[in-house]
1. So which residues in region A:287-312 are touching a residue at least 60 places away in the same chain (Cβ under 8 Å) and either basic (Lys, Arg) or more than 22 Å from A:Leu359 (Cβ to Cβ) (or both)?
2. Looking only at region B:153-179, count how many residues are in contact (Cβ under 8 Å) with a residue 40 or more places away in the chain, within 14 Å of chain A (Cβ to nearest Cβ) and more than 17 Å from the chain's Cα centre (by Cα).
3. Do we find a residue being under 25 Å from A:Ala394 (Cα atoms), in a helix (DSSP H, G or I), of a type in the set (A, V, I, L, M) and in contact with a strand residue (DSSP E or B) (Cβ under 8 Å, 6 or more places away or on another chain) anywhere in region A:276-292?
4. Looking at A:Ala171, is it within 12 Å of chain B (Cβ to nearest Cβ), in a helix (DSSP H, G or I) and modelled with pLDDT under 70?
5. Tell me the residue from A:Leu211, A:Leu237 that is away from chain B (no Cβ under 12 Å) and of a type outside the set (Val, Ile, Thr), please.
6. In this structure, does A:Gly38 turn out to be out of contact with any Leu (no Cβ under 6 Å at 6 or more places or on another chain), at positive phi and not β-branched (Val, Ile, Thr)?
7. Do the conditions hold for A:Arg230, that is, is it of a type in the set (Lys, Arg), modelled with pLDDT under 85 and outside the structural domain of A:Pro274 (by TED's automatic domain parsing)?
Amino acid sequence: MGAELAGAPFLGFFYLLRAQGVPVSVREWLTLLECLAGGLVGADLSRLYAVGRAVLVKRERHLDAYDQCFAHYFGDAEPPAGLPSALDEWLRAPLPLPALDEETLARLERLDLEGLRRRFEERLREQTERHDGGSRWVGTGGTSPFGHSGRHPTGVRVGGEGRSRSAVQVAAERRFAPYRADLTLDTRQLSAALRRLRALGRDGRADELDLDATIHATARQCGELEVVLRPPRQNRLKLVLLMDVGGSMDDFAHLVGRLLSAAHRAHHFRAFHPLYFHNCVYEHVFRDAQLRDPLPLDDLAHALGVDAEARLLVLGDAHMSPYELMSAGGALDYRHHNLKAGLEHMRDLRAAFPWAAWLNPLPRRYWEHPTIDALGALFPMFELTLEGLEGAVAALSRRTASPPR
Amino acid sequence: MTHIINTDRFERFTGTGAYVASRDLQEAVNVALALSRPLLVKGEPGTGKTHLARAVAEALGRPLLTWHVKSTSKAQEGLYTYDAVQRLHDSRFNAAAGAVADARKYIRYGALGRAFLSPEPCVVLIDEVDKADLEFPNDLLHELDAMSFAVYETGDAHVAVHRPLVVITSNNEKELPDAFLRRCVFHFISFPTPEQMREIVRVHHPDLEGRLVSEAVTRFYWLRGLSGLRKPPSTSELVDWLSALSRGGVPAEEVAARVPFLGALLKKEQDLAAAARALAGRGGR
């Protein structure tokens, strides 16, 4: 059994889940306690496993982490070492987070804990009164005399699962490993995340009935019917997707391809412009992955016919030799002599797009590199994972000023 | 936590003869019943999400009210819609009907509204909630929490006579909002194992030769296992493919040697190319 906190058994499970990236809210935790107090679980560990999963986990990508935490906490399974815990990642490569967010976060965490302790104690008292020694049920699982008797009347089939295995064994099987968000990223998930990118507005052809205006206009004409139409609400968002191709990005070509096809699939943008560059952005970016059809970087928005409200999403590893980014004439292509350093061009690009984010396919633990640091300071940078993409999409929904020179 | 679990007249779901409910699913349904929270069911297309609501309703002996969500659906429609256009029309052209004065005649109740008003407990299926606008689930939160709603046009307030069991399915087309997820009980139907898949196939194609089915299922899982597919084939595609194989009279050996009618399984050009490459590399088997 894991380390216990503040005399409350089982609370450690909650913190273990949170530490492993399962976003269990206090409300959901209390719901589980409610289920325990209400006798929904009895003294059966496999029912605790199922009920806990139904109440605490809401996304399939967290099911595997739940299984591992459950096996670790309630059984003698291997500790979930090697799990990419968000905390661990952050400690290895701390990102400069905005101070406000950190403070808010800390305050929220404190609130959570106090509220949780108080209500947990209440719940515990209630439980002891109703069920004698109700808090002792943990750890007695599997040997409970209550079992399932009476729950499966004849004629009911229980599918697929061997019932002789304990909940911990079931959990340790890791049936949900393929659904982890940090390992898999399919087009469907990507386009689901991209769909959050939008800015609604009404323009275009008026073909939707505006009921309020119709009633108003009709009343003004003393009941003579006057139909008023308006344009339907549509996404006005324009997306510029700027992708690094070739060189060190070859390893990630399949991921880039998937993101591109997801963005195409999302097909709800007013305009979508996929653009390419190699290694670092200099005077031009390109319309094609072969880098043959250049577009001048200054006045890019105008050349694309988008306004400053367009969202810029850069996809690249930001990993290059420092001189390629920092010095004039540092371009990788020796035929190209850039007068301004790559970083200056990047700054111009950033200034032109107040809504911008960077997706990096390199895992965060490799981000300790001068050029990644420099570009990460310029653009809000996220890992190219499902969670990272969601972060980037959230960042693209806020206007972020480009940092001062 | 305002309400206490009522365990006295506690209904339990244990599956039906026709529907195979896993233990995890039974627990999830029972928790949703006990807490009066919506049950959110997710899983790949063709894993039996919609079927589940029917089975639950049947097992509990409750009527099922279905609300098929579309991209244009509004949360309000599940409760009621007010037919203002009809009323305007009646007031202009059909005044003799005399109904125009009563706004209640122009209120049409949706599945959720009818379930709240029903004198007996119901099961409500909100099918494919992810098809609607991103805000749709959030707009339902209050009504699902309070199990009551007001009709603004008439000023009537309705409180659920019996709290219905609400089953919500999602195909993962869109992410659902956190606030909504926190209130739901969640169940994920994982993709069927090859054994389960053979059973599912048998339901759709009872007459097919056993060897053909088993070769096809093996092939199907091999294809799904290929890395880099943009759209891996789903259950319904396997069922279609088997129809094509049986109608085309393809013998089982040929399914093992090459993959005829690959287009029934893979719908993307890049995927077809990837599968062809893998097939060549594998030397057929």
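The values are calculated or read from the model by the stated rules, or taken from the named source; none is laboratory data. A quick note: this is a predicted structure, and the numbers were derived from the prediction, not measured. We place every Cβ from the backbone using ideal geometry, glycine too, and count neighbours over all the protein chains shown.
1. A:Asp307, A:Arg311 - these are the residues of region A:287-312 that are touching a residue at least 60 places away in the same chain (Cβ under 8 Å) and either basic (Lys, Arg) or more than 22 Å from A:Leu359 (Cβ to Cβ) (or both).
2. Final tally of qualifying residues: 3.
3. no
4. Numbers: within 12 Å of chain B (Cβ to nearest Cβ): yes; in a helix (DSSP H, G or I): yes; modelled with pLDDT under 70: yes.
It is true that A:Ala171 is within 12 Å of chain B (Cβ to nearest Cβ), in a helix (DSSP H, G or I) and modelled with pLDDT under 70.
5. Details: A:Leu211 fails: away from chain B (no Cβ under 12 Å).
Being away from chain B (no Cβ under 12 Å) and of a type outside the set (Val, Ile, Thr) holds for just one of A:Leu211, A:Leu237, which is A:Leu237.
6. Values: out of contact with any Leu (no Cβ under 6 Å at 6 or more places or on another chain): yes; at positive phi: no; not β-branched (Val, Ile, Thr): yes.
No; evaluated as a whole, the condition is false for this residue.
7. Values: of a type in the set (Lys, Arg): yes; modelled with pLDDT under 85: no; outside the structural domain of A:Pro274 (by TED's automatic domain parsing): yes.
Here the answer is no, as A:Arg230 does not meet what is asked.
Conditions tested, residue by residue: (1) modelled with pLDDT of 85 or more; (2) within 14 Å of chain A (Cβ to nearest Cβ); (3) crowded, with 18+ Cβ neighbours inside 10 Å.
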residue	(1), (2), (3)
B:Val185	yes, yes, yes
B:Phe188	yes, yes, yes
B:Val203	no, yes, no
B:Tyr221	yes, yes, no
B:Leu229	no, yes, yes
B:Pro233	yes, yes, yes
B:Trp241	yes, no, yes
